Amino acid sequence: MSGYYLQVYGCQMNQHEAGLVRSILAADGFQETHDPSRAELLLVMACAVRSHAEERALGRLKSLRGLARKRPGVLTGLLGCMSADVRDSVVTERKADLVIGPDQYRRLPELVRAARHTKDQQAAGELTGENYDGIYPEARHPVCGTVTVMRGCDCRCSYCVVPLTRGPERSKQLKQVLAETEHLAARGIQDLTLLGQNVLAYDDGRADFTQLLREVSAVAGIRRIRFLTSHPKDLTKRVLEKIAALPKVCPALHLPVQSGSDRILELMNRPYTRQEYSDKVRLARTLLPDLGLTTDVMVGFPSETEQDLEDTLDLVKEVRFDFAYMFRFSQRPGTAAEKLGPKVSESEAGRRLAVLIETQNRITRERNHDMIGRSFELLIEGAASKGGGMLGRTRSNRPVVVYGDVFIGDVLEAKVTGMRGWTPVAEHFAAVAAAAPS
């Protein structure tokens, strides 16, 4: 049996697709090891969304390549999303024995054998519209799981490389989504996240996103349902009302705003205004009490001015997100934003990012502190990363540390009594009935 090592970078979609790779390799007799010195196949799954993530993946690939040179017969491979420039350089300079795009994972065992037999590099990056029906990704968590319901993207945001690396939007058939959900439920998964680049646009030709939610909610054993990522343009009153009507669907949204400046939003090809975004947030909070709201925010976009930055900071202060993923603009080859100017210097973009982070971090601390004295239903996911206790998560997707005799998979009604750093702490709790709501 051959051993392989897999290093994964990037978003939850990449983490999920790493599960696809593990299942495909396991079916062909490969066994995973966490020690690269013991593996005959060394793989890196890349992320091309930002240059920093791509550089980290390439740096890791280089170090694994050095390890492989010391052990004849060991192969290295670069998988996943990669910009055309990176893919071409890896192929032409033979920085890896295997170069495989996100639609070609089914061919991985075949390409490994070919590389071993011919000693030639194997590259397969064609976008085919693959949805990986019939493959069940290996679950890595005892109670939390993911199902990809759609792949690719049609939004064409001017800064985003995803349409180039993953191809056009396509939805997985509902029956396949349900089969994967039932597979996870049978293995004890209680908290399910439905994944897609723009999950609200789900449409398999028969079912739209709201019907998808209704059908997945009917699967026994699944207690909580979440979804990532939502484009503001597709968040409607009908969608919010359906979420509110389905007890298993959690009141939590990840709704990337990117900027608070209408001028920058237009340059980004984000088809909404700041006011329209704010109105949707207000409606969501009206229909979904205790809504958990997170976002993505970018600074340093080409031609961004101090006023544009102030508009973004004002929006962050107005909306008061629970948490935000905050980034400097990262120029990606082949995107429309690559041609926009004037460019914001790296140092200035860094300064703006620091201001944004300070602003949002203060809000996050305040919102977490507001949880003290209130009770929440928590699903225990595992041990807290440091300081002892167990980590639970509210239905609105907010982490809480619990001290006491609790175990992974327990569902508790717990009262937040204090803070540990930024994280709320609960010490008084009672078990909740194990049966998931219907």
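The numbers here are math on the coordinates, done by the rules we state, and not lab data. These numbers come from a predicted model, not from an experiment. Note: ideal-geometry Cβ built from the backbone for every residue, glycine included; neighbour counts use all protein chains shown.
Comparing Tyr5, Ile380, Cys153 along the charge dipole axis of the chain, the residue lying farthest to the positive side is Tyr5, per the Cβ-charge model.
Label separation (Ala336 vs Arg285): 3.1 nm, computed from points 7 Å beyond Cα along the C-beta direction.
Compared with the alpha-carbon gap, the fully stretched path from Gln12 to Asp370 is longer by 126.0 nm at 0.36 nm per residue. Charging the Cβ of each Asp and Glu at -1 and of each Lys and Arg at +1, and nothing else, the dipole of the chain about its Cα centre rounds to 640 debye.
Counting neighbouring beta carbons within 10 Å and listing from fewest to most, the residues Phe429, Phe327, Phe407 come out as Phe407, Phe327, Phe429.
GNM on the chain, alpha-carbon springs under 10 angstrom: the most fluctuating residue among Glu40, Glu17, Glu318 is Glu318.
Cα gyration tensor of the stretch 1-69, axes a ≥ b ≥ c as square roots of the eigenvalues: rounded (a/c below 1.5), prolate (a/b > b/c) or oblate? Because a/c hits 1.5 or more and a/b fails to exceed b/c, the stretch 1-69 counts as oblate. Subtracting the Cα-Cα distance of Lys237 and Arg362 from 0.36 nm times their residue separation leaves 42.0 nm of extension gain. Taking a straight line from the alpha carbon of Lys62, these lysines sit under 16 Å away, with near neighbours fewer than eight places off in the same chain left out: Lys70, Lys95. For the stretch 375-431, the square roots of the Cα gyration tensor eigenvalues, ordered a ≥ b ≥ c, give a/c below 1.5, which places it in the rounded category.
Of all aspartates and glutamates in the structure, the ones whose alpha carbon falls short of 13 Å from that of Lys172, not counting any fewer than 8 places away in one chain, are Glu130, Asp133, Glu180, Asp203, Asp204, Asp208.
Say the cut-off is 23 Å between C-alpha atoms; which of Lys280/Lys317; Lys233/Lys339; Lys280/Lys415; Lys280/Lys343; Lys242/Lys415; Lys248/Lys386 go over it?
The pairs that break the limit, which is 23 Å between Cα atoms, are Lys233/Lys339; Lys280/Lys415; Lys280/Lys343; Lys242/Lys415; Lys248/Lys386.
Model label points for Asp28 and Arg320, set 7 angstrom from Cα along the Cα-to-Cβ axis, are 5.3 nm apart. Net charge dipole, the stretch 128-221: roughly 120 debye, given to the nearest 20, about the Cα centre with Cβ charges of +1 for Lys and Arg and -1 for Asp and Glu.
Projecting the Cα atoms of Thr118, Ala220, Ile100 onto the charge dipole of the chain, computed from C-beta unit charges around the Cα centre, puts Thr118 farthest toward the positive end.
Just for the chain, what percent of DSSP beta bridges are antiparallel, to the closest 5?
Taking every DSSP beta bridge within the chain, about 35 percent pair in antiparallel fashion.
Couplings 3J(HN,Hα) of the stretch 260-272, computed from phi: x, 9, 4, 5, 5, 4, 5, 5, 6, 6, 9, x, 7 Hz, in residue order, whole Hz [Karplus 6.51 cos²θ - 1.76 cosθ + 1.60, θ = phi - 60°; x for Gly and Pro].
With a Förster radius of 22 Å applied to the C-beta separation of Asp296 and Glu348, the computed FRET efficiency comes to 0.60. When each of the peptides 212-224, 248-260, 118-130 is scored by how many other beta carbons lie within 10 Å of its residues on average, the order from highest to lowest is 248-260, 212-224, 118-130.
The residues Leu58, Leu293, when put in order of fewest to most other Cβ atoms within 10 Å, stand as Leu58, Leu293. A simple packing score, the average count of other Cβ atoms within 10 Å per residue, orders the peptides 41-52, 25-36 as 41-52, 25-36, with the highest score first. Taking every C-alpha pair closer than 8 Å and separated by at least 6 residues, the mean separation divided by the residue count of the chain gives a relative contact order of 11 percent. Farthest towards the positive end of the charge dipole of the chain, among the residues His141, Leu67, Val21, is the Cα of Leu67, using unit charges on the Cβ of Lys, Arg, Asp and Glu. The local environment of Asp120, defined by Cβ-Cβ distances under 13 Å, has a net charge of +3 under the rule Lys, Arg +1 and Asp, Glu -1. If you find the alpha carbon centre of the stretch 227-284 and of the stretch 139-183, how far apart are they in angstrom? For the stretch 227-284 versus the stretch 139-183, the Cα centre distance is 19 Å.
Annotation: amide H of Cys81 within the under-5 Å range of Ala46, Ala48, sequence separation 5 or more or interchain, hydrogens built in the peptide plane.
Of Asp296, Asp154, Asp191, the sequence from fewest to most neighbouring Cβ atoms within 10 angstrom is Asp154, Asp296, Asp191. For the chain, what does the alpha-carbon gyration tensor say about shape, rounded, prolate or oblate, given a ≥ b ≥ c as the root eigenvalues, a/c under 1.5 as rounded, and a/b over b/c as prolate? Taking the square roots of the gyration eigenvalues as a ≥ b ≥ c, the chain is oblate. If only the Cβ of Lys and Arg carry +1 and only the Cβ of Asp and Glu carry -1, the dipole of the stretch 375-431 around its Cα centre is close to 260 debye. Computed over the stretch 322-435, relative contact order equals 21 percent, with contacts defined as Cα pairs under 8 Å that lie 6+ residues apart.
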